[in-house]
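A.B. asks: Okay, here's the structure, questions in a sec.
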Amino acid sequence: MITIPLLDPVVLAVLFLGILLVLYGIGTPIAIAMLATSIIMMALPTGINFNSVIINSRLFNGINSFGMLAFPFYVLLGRLMNTSGMTERLFDFASALVSQFRGGIVYVNILASIIFAGMSGLALADAAGLGRIEYAVMRDHGYDKDIAIGVTGSSSMIGPIIPPSVPIILYAILAEQSIGQLFLGGILPGLLLGLLLMVFVTVIIFKRGYERGDPFSLTQVMSTFKEAILAIFIPVLIIGGILGGYFTATEAGAIAVVYVTVLAGVFGELNLGDFLDEARDSMVETFSLTFIIASATVYGLVALQLRLPMLLTDWVTSVSTDPTMVLFLICALLLVIGTFMSVTASITILTPLLIPVIETVGIDPIHFGIVMVFTLMIGVVTPPFGAILFVLEKVTDASLEEVIRSIIPYYIPMVLAVIILILFPELVTYIPNNIMG
């Protein structure tokens, strides 16, 4: 009988990641690429026994989670917000609050993204929904194309950081962490990014000599507030409900969807046809995410059996065992990966590999989850595959080259925010640890 020698663990690791990257690079959907890589690795002489029962069980158990129910609710919520016209009212309210300052419309852009972040949970929803409005208003007020695009693109990153957040839900499921705690952990980091963006654009505003906006009008503030108050109540409902212990993050998403649907229906802003269209598109997107997670669990199982997390842990700890240093190393890796791989793909592939590493060196998984999502989000505004770049090209009159040139300066506040979060983990952990215990 011929004995096939087992492959070296390092060779297996290279094949495991290399096959996946090749499949993904040639356009294979990430879920198919992960499953195909897993099956190929099972066929190689690894010394590990796999069978169809294990695979089927893993596929099912990977999505047999209460947290999975959060996906369709938050995806649908963001779509309904855009369709019902609530985004425009939020923008008008933000404009009434801060447009009187020098370069006020720029601050309006960032403030509107912060408010909208409490409802959509997706950077693409912000860029496609609010982005079109923000860009048009800034251009109408005489702002240069580069600052209008740069602020619109960079502020859209706030959406997946401040709760709710679809990428954070994905990480929570794969890392087996509390969605509610991760949601709360994203509040201060999202506000930090908004603050840093405001400071950064203030320098640009004064350098270019932009004039003040319209005089402050309390009447206008109250008028727009009355129009937007029901929409503003949505993040209060979600975050307040979680903090008060009235419902889980998943239940909060369901309640918010019902709230928006009833509200928009009563005021005639959403008809049955629009709702069914958005529900259908949300189901398609949810199915895609569910399939990705199921595939990721199989991929993670194979990685675990091949001891790849242990190899990665040994390599990282050979460089340093200091949690801060390790986090800097991981974030450097994530910045590179985020430039050519989507946030969803990056989280599903890397979470099973990185969780053992951070647990070994003592990094809080809640802190790590927010830093990971935050760092990967920079990839959505980074060429060559940053999705926000292509969205901005479609919703503005700028070419892709102009969009890329306009975004580049805003990497400064974005990367600075990541560094601050690494150095001061309390910015992430304070609210969940002291309020949720």
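A.B. asks: Just one of VAL221, VAL203 is hydrophobic (A, V, I, L, M, F, W, C) and at pLDDT 85 or above; which is it? Lay out the reasoning, then the answer.
C.D. replies: Values: VAL221 fails: at pLDDT 85 or above.
None of the others qualify; the one that does is VAL203.
A.B. asks: Can you tell me which residue in the stretch 207-259 is farthest from PRO163 (Cα to Cα), limited to those that are surrounded by 17 or more Cβ atoms within 10 Å (Cβ to Cβ) and of a type in the set (S, T, N, Q)?
C.D. replies: Once the filter is applied, the top-ranked residue is GLN220.
A.B. asks: Further question: What single numbered condition from (1) closer than 22 Å to ARG139 by Cα; (2) surrounded by fewer than 15 Cβ atoms within 10 Å (Cβ to Cβ) fails to hold for ILE419?
C.D. replies: Condition not satisfied by ILE419: (1).
A.B. asks: Would you confirm whether any residue within the stretch 358-379 is β-branched (Val, Ile, Thr), assigned to a helix (DSSP H, G or I) and surrounded by fewer than 15 Cβ atoms within 10 Å (Cβ to Cβ)?
C.D. replies: Residues of the stretch 358-379 that are β-branched (Val, Ile, Thr), as a first pass: 358, 360-361, 363, 366, 370-371, 373, 375, 378.
Next, from what is left, pick out any that are assigned to a helix (DSSP H, G or I): 358, 360-361, 366, 370-371, 373, 375, 378.
Add one more test, that the residue is surrounded by fewer than 15 Cβ atoms within 10 Å (Cβ to Cβ), and what stays is none.
The answer is no, given that none of the residues of the stretch 358-379 is β-branched (Val, Ile, Thr), assigned to a helix (DSSP H, G or I) and surrounded by fewer than 15 Cβ atoms within 10 Å (Cβ to Cβ).
A.B. asks: Can you confirm whether the stretch 288-295 contains a residue that is more than 30 Å from MET42 (Cβ to Cβ) and in contact (Cβ under 8 Å) with a residue 12 or more places away in the chain?
C.D. replies: No, every residue in the stretch 288-295 fails to be more than 30 Å from MET42 (Cβ to Cβ) and in contact (Cβ under 8 Å) with a residue 12 or more places away in the chain.
A.B. asks: Would you say LEU427 is within 20 Å of PHE183 (Cα to Cα), open to solvent by 50 Å² or more (accessible area, probe 1.4 Å), touching a residue at least 60 places away in the same chain (Cβ under 8 Å) and in a helix (DSSP H, G or I)?
C.D. replies: yes
A.B. asks: Return the only residue of LEU350, LEU311 being open to solvent by 10 Å² or more (accessible area, probe 1.4 Å), closer than 25 Å to VAL75 by Cβ and not in a loop (DSSP other than H, G, I, E, B).
C.D. replies: Answer to the check: LEU350.
The values are calculated or read from the model by the stated rules, or taken from the named source; none is laboratory data. Bear in mind that the values here come from a model prediction, so they are computed numbers and not experimental data. As a convention, Cβ positions derive from the backbone with ideal geometry for all residues, glycine included, and neighbour counts pool all protein chains shown. What goes into the accessible areas is simple: the full protein's heavy atoms, side chains included, and nothing from ligands, DNA or RNA. Shrake-Rupley method; radii C 1.70, N 1.55, O 1.52, S 1.80 Å.
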